[in-house]
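Heads up, the thing below is written out as structure tokens.
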Amino acid sequence: MRFESFIRDIPDFPKPGIIFKDITPLLMDAAAFDAALERMTKPYQTGSVDKIVAIESRGFIFGGAMARRLGCGLVLARKPGKLPADAIREEYTLEYGTNALEIHTDSIREDERVVIVDDLLATGGTALASIRLVERLKGNVVGLEFLIELDFLKGRERIRQYPVRSQLHY
């Protein structure tokens, strides 16, 4: 299946000069969404994953479905102040600003195998922050999965020591 036909460009969102890659047409098509999930989970179907770390917010969509398919736990990497229990925080920069992510301190145990999931890899800031959070809790990042990668922003270079897979490249 060619996923490109399900991705819509939205110019000047969220800021002037940014072309936002809108995944909602893919999500609205059951067959396309299922095919994307199948491709994103295929490398891990051998039981090699203990947890999926899903990055807020569109990563939740893919991460939750992937965790269900793989029979593993789901960890939410949230923006600051959204988690109710004790959490650790990691700040990052993205192509149009700065932010931070948090995960619960009890969400990952030592040596658990973790896949980090998001809809898009841009500069790699959120991915790198997520890696740091997992490693601070002594988990092992065994892969990063993205629906879309913006190659021109070179985010992969920041996380090149980890297995990275993206379904679409722009």
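The values are calculated or read from the model by the stated rules, or taken from the named source; none is laboratory data. Just so it is clear, the structure is predicted and the values come from calculations on it, not from any experiment. So basically every Cβ, Gly included, is an ideal-geometry build from the backbone, and we count neighbours across all protein chains shown.
What residue, among those in the range 45-97 that are surrounded by fewer than 17 Cβ atoms within 10 Å (Cβ to Cβ) and hydrophobic (A, V, I, L, M, F, W, C), is farthest from Glu110 (Cα to Cα)?
Looking at the filtered set, the residue picked out is Leu94.
Considering only the range 141-155, how many residues are part of a helix (DSSP H, G or I) and of a type outside the set (A, V, I, L, M, F, W, C)? It would help to see each step written out before you state the result.
Initial filter on the range 141-155 (part of a helix (DSSP H, G or I)): 151-153, 155.
With the extra rule that they be of a type outside the set (A, V, I, L, M, F, W, C), the set shrinks to 151, 155.
Counting residues in the range 141-155 that are part of a helix (DSSP H, G or I) and of a type outside the set (A, V, I, L, M, F, W, C) gives 2.
So that you can scan it fast, the table gives a plain yes or no per residue for (1) buried (at least 16 other Cβ atoms within 10 Å of the Cβ); (2) over 21 Å from Thr41 (Cα atoms); (3) small (Gly, Ala, Ser):
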{"position": "Val115", "(1), (2), (3)": "yes, no, no"}
{"position": "Thr126", "(1), (2), (3)": "yes, no, no"}
{"position": "Ser130", "(1), (2), (3)": "yes, no, yes"}
{"position": "Glu135", "(1), (2), (3)": "no, yes, no"}
{"position": "Gly139", "(1), (2), (3)": "yes, no, yes"}
{"position": "Leu147", "(1), (2), (3)": "yes, no, no"}
{"position": "Ile159", "(1), (2), (3)": "yes, no, no"}
{"position": "Gln167", "(1), (2), (3)": "yes, no, no"}
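Within the range 23-33, does at least one residue satisfy the condition of being closer than 26 Å to Lys154 by Cα, without any contact (Cβ under 8 Å) to a residue 12 or more places away in the chain and exposed (fewer than 13 other Cβ atoms within 10 Å of the Cβ)?
Scanning the range 23-33, I find no residue that is closer than 26 Å to Lys154 by Cα, without any contact (Cβ under 8 Å) to a residue 12 or more places away in the chain and exposed (fewer than 13 other Cβ atoms within 10 Å of the Cβ), so the answer is no.
Hey, among Gly63, Gly124, which residue is within 11 Å of the chain's Cα centre (by Cα) and either on the phi > 0 side of the Ramachandran plot or among the basic types (Lys, Arg) (or both)?
Values: Gly63 fails: either on the phi > 0 side of the Ramachandran plot or among the basic types (Lys, Arg) (or both).
Result of the check over Gly63, Gly124: Gly124.
A quick yes/no check of all residues on (1) more than 20 Å from Arg58 (Cβ to Cβ); (2) in contact with a Lys or Arg (Cβ under 9 Å, 6 or more places away or on another chain):
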site: Ala77; (1), (2): no, no
site: Ala87; (1), (2): yes, yes
site: Ala100; (1), (2): no, yes
site: Arg113; (1), (2): yes, yes
site: Asp118; (1), (2): no, yes
site: Phe146; (1), (2): no, yes
site: Glu149; (1), (2): no, yes
site: Arg156; (1), (2): no, no
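Mind checking whether some residue in the range 105-122 is assigned to a loop (DSSP other than H, G, I, E, B), in contact with a helix residue (DSSP H, G or I) (Cβ under 6 Å, 6 or more places away or on another chain) and modelled with pLDDT under 95?
Scanning the range 105-122, I find at least one residue that is assigned to a loop (DSSP other than H, G, I, E, B), in contact with a helix residue (DSSP H, G or I) (Cβ under 6 Å, 6 or more places away or on another chain) and modelled with pLDDT under 95, so the answer is yes.
Could you list all residues from the range 123-140 that are in a helix (DSSP H, G or I) and small (Gly, Ala, Ser)?
Filtering the range 123-140 down to residues in a helix (DSSP H, G or I) leaves 125-136.
Correct list: Gly125, Ala127, Ala129, Ser130.
May I ask you to verify whether Ala100 is touching a Leu at 6+ places or on another chain (Cβ under 8 Å), modelled with pLDDT of 95 or more and not in a loop (DSSP other than H, G, I, E, B)? Before the answer, list the steps.
On the way: touching a Leu at 6+ places or on another chain (Cβ under 8 Å): no; modelled with pLDDT of 95 or more: yes; not in a loop (DSSP other than H, G, I, E, B): yes.
So Ala100 fails the test.
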